[in-house]
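Worksheet: the structure to be examined is printed underneath.
The values are calculated or read from the model by the stated rules, or taken from the named source; none is laboratory data. The model shown is predicted, which means the values in this text are computed figures rather than measured ones. Reconstructed Cβ throughout: ideal geometry from the backbone, glycine too, with neighbour counts over all protein chains shown. Just the protein is used for accessible areas: all its heavy atoms, side chains included, with ligands, DNA and RNA removed. Shrake-Rupley method; radii C 1.70, N 1.55, O 1.52, S 1.80 Å.
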Amino acid sequence: MRSYLSFLLAAFLLMTAFVLPVSAAHPGDIAGKYYSTDIVTTLNGTEIDAINIGGQTLISAEDMRYFGYSVIWNGEERTLRITQTTAQIKNPPAVVRSQKPSGTVIGNYYVTDIVTYLEGTPITACNIGGRTYIHAEAMRSWGYTVNWRGDARRLEITSPIPADYVYRIPMSLGAEKLEGDAAVGAFSVRYTKDGITGMGDADFFDLAMQSDGGVYTFSMAFYQYAGLFYSGALFAQLDPLVSQSYDGSVVRDPATLYDEIGEVLTVTVNGHRAEEIVIRTGAGNGHLDYDIEVHGLPHLTEQQLSEVTLTLGTPEGEPYPLNTEY
């Protein structure tokens with residue numbers, strides 16, 4: 001009963017946050033004020049224009065047309081209908097955020113008689129200067145994942161149909177090592193549509209990039225009959241940067257390691273360099289694994305990828321081709 005009453009109270013607060021009393025509500029009347037915010041809001045991995053009203057985030061309905069949505073205005077019906085048609089993101093406009101301190105009043109939002117629909121169902125919306133903004137947290141009711149990351153001041157919204165964003169790309173196969181070979185503690189692997197190349201210690205481990213529709217993960221596996229016993233220099237580089245081991249022996253706040261990781265590890269996707277990298281580690285029968293999670297980059301379908309690089313330290317030696325017959 002308590003949880004049901006809490007739900008009703010939350011629903012009431014959500015409705016009253018954006019609606020004037022009936023006796024005073026007329027289209028075009030000032031309904032309230034919106035504020036500057038330092039929060040970065042993303043839709044399927046790419047930043048989208050957003051505003052803050054009373055601590056709640058709303059995103060631009062019109063800009064969703066650049067994120068694979070049909071956004072149709074019907075002047076006779078006074079409706080705006082938003083429907084996702086694809087998972088592809090196409091040249092969204094750059095987001096210009098206020099330089100004023102977070103919480104500063106930026107302007108007013110207005111009463112509107114326009115009904116906004118997301119996938120055929122009305123969603124809470126408001127009008128700012130003729131533009132419509134829809135309530136981000138409410139999108140959970142449509143199956144969206146809305147993830148608040150307080151450490152990075154990010155609100156990450158992920159579509160419920162990210163099929164085009166889910167894939168796995170092999171990037172190297174660890175070669176069998178001869179006795180006496182030893183890693184130098186540096187490597188670089190580069191993926192393009194023309195193939196995969198690597199240098200340094202790139203053949204001491206298996207590597208694959210995986211996309212789950214929300215983040216990129218680079219999975220490194222060191223096997224017993226490949227580089228496991230010869231990769232001490234690599235482990236010495238990676239272990240101090242681990243924020244979590246799957247056996248629970250290491251637990252650190254990932255945000256405290258971002259700068260340190262960025263000094264030795266570089267990840268780029270289509271030229272965008274990752275600033276938020278999380279490293280986790282685990283082990284199995286005859287292998288040791290590192291998972292390198294990358295947050296905050298534009299998320300792309302496999303078809304949209306043109307170049308992916310993963311570099312640790314400063315590799316030495318001439319580049320050599322890796323096996324791409326997967």
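Please determine, in degrees from 0 to 90 and to the nearest 10, the orientation of helix 2-16 with respect to the longest principal axis defined by the Cα atoms of the chain, where the helix direction is its Cα long axis.
Rounded to the nearest ten degrees, it is 70.
Hey, how much of the P(r) for the range 206-266 falls beyond 20 Å, as a percent of Cα pairs?
Tail of P(r) above 20 Å: 38 percent of Cα pairs.
By DSSP, what percent of the beta bridges with both residues in the chain are antiparallel, rounded to the nearest 5?
Looking only at bridges with both residues in the chain, the antiparallel portion is about 90 percent.
If you take the beta carbon distance between Asp181 and Ala283 as r and set R0 to 25 Å, what does 1/(1 + (r/R0)^6) give as a FRET efficiency, to the nearest 0.05?
0.70
Sticking with the crude label model, points 7 Å out along Cα→Cβ, report the distance from Asn108 to Tyr246 in nm, one decimal please.
According to this spin-label approximation, the distance is 5.7 nm.
In whole Å, what three semi-axes, largest first, describe the equivalent ellipsoid of the range 40-146 built from its Cα gyration tensor (square root of 5 times each eigenvalue)?
Semi-axes, largest first: 21, 18, 13 Å.
Please give the direction-averaged projected area of the C-alpha convex hull for the range 142-297, in square nanometres with one decimal.
Projected over every direction and averaged, the Cα hull of the range 142-297 covers 10.4 nm².
Kirkwood hydrodynamic radius (Cα pairs, Å) of the range 223-322?
Across the range 223-322, the inverse of the average 1/r is 15.2 Å.
If each residue of separation counts as 0.36 nm, what is the full-extension length gain between Tyr225 and Val166 once their alpha-carbon separation is subtracted?
Taking Tyr225 through Val166 to full extension adds about 18.2 nm, to one decimal.
What does the accessible area per residue of the chain come to in Å², with a 1.4 Å probe and no ligands, DNA or RNA counted?
Per residue, the chain has an accessible area of 50 Å².
Counting trypsin sites (Lys or Arg not before Pro) as exposed when in a DSSP loop with at most 10 other beta carbons within 10 Å, what is the longest stretch of the chain free of them?
194-326
In nm, to one decimal, how far is the modelled label at Glu76 from the one at Gln88, with both set 7 Å along Cα→Cβ?
Rounded to a tenth, the inter-label distance reads 3.2 nm.
Can you work out the FRET efficiency for the pair Asp259 and Ala236, with r the C-beta to C-beta distance and R0 = 22 Å, to the nearest 0.05?
About 0.70, to the nearest 0.05.
May I ask for the net charge around Tyr133, where only other residues with Cβ less than 13 Å from the Cβ of Tyr133 are counted and Lys, Arg are +1 while Asp, Glu are -1?
The answer is -3.
Can you check what the net charge comes to around Lys100, using other residues whose Cβ is under 15 Å from the Cβ of Lys100 (Lys, Arg +1; Asp, Glu -1)?
Once positives and negatives cancel, what remains is +1.
Quick check for me: using +1 on Lys/Arg Cβ and -1 on Asp/Glu Cβ, what's the dipole size of the range 181-255 about its Cα centre, in debye to the nearest 20?
Approximately 160 debye in magnitude.
Restricting things to Cα coordinates, could you compute the convex hull volume per residue of the range 88-147 in Å³?
148 Å³
Would you tally the net charge around Ser60, using a Cβ to Cβ cut-off of less than 12 Å, leaving Ser60 out, and scoring K and R as +1, D and E as -1?
Combined, the nearby Lys, Arg, Asp and Glu give -2.
For the chain, what is the Kirkwood hydrodynamic radius in Å, using each pair of distinct C-alpha atoms?
One over the average 1/r among Cα pairs gives 22.4 Å for the chain.
Just grab the label-to-label distance for Gln210 and Val96, each label 7 Å out from Cα along the Cβ direction, in nm (one decimal).
Placing both labels 7 Å along Cα→Cβ, they lie 4.2 nm apart.
Tell me which of Tyr133, Tyr225, Thr42 sits at the most positive position along the dipole axis of the chain, charges placed on C-beta atoms (Lys, Arg +1; Asp, Glu -1).
Farthest along the dipole direction, towards plus: Tyr133.
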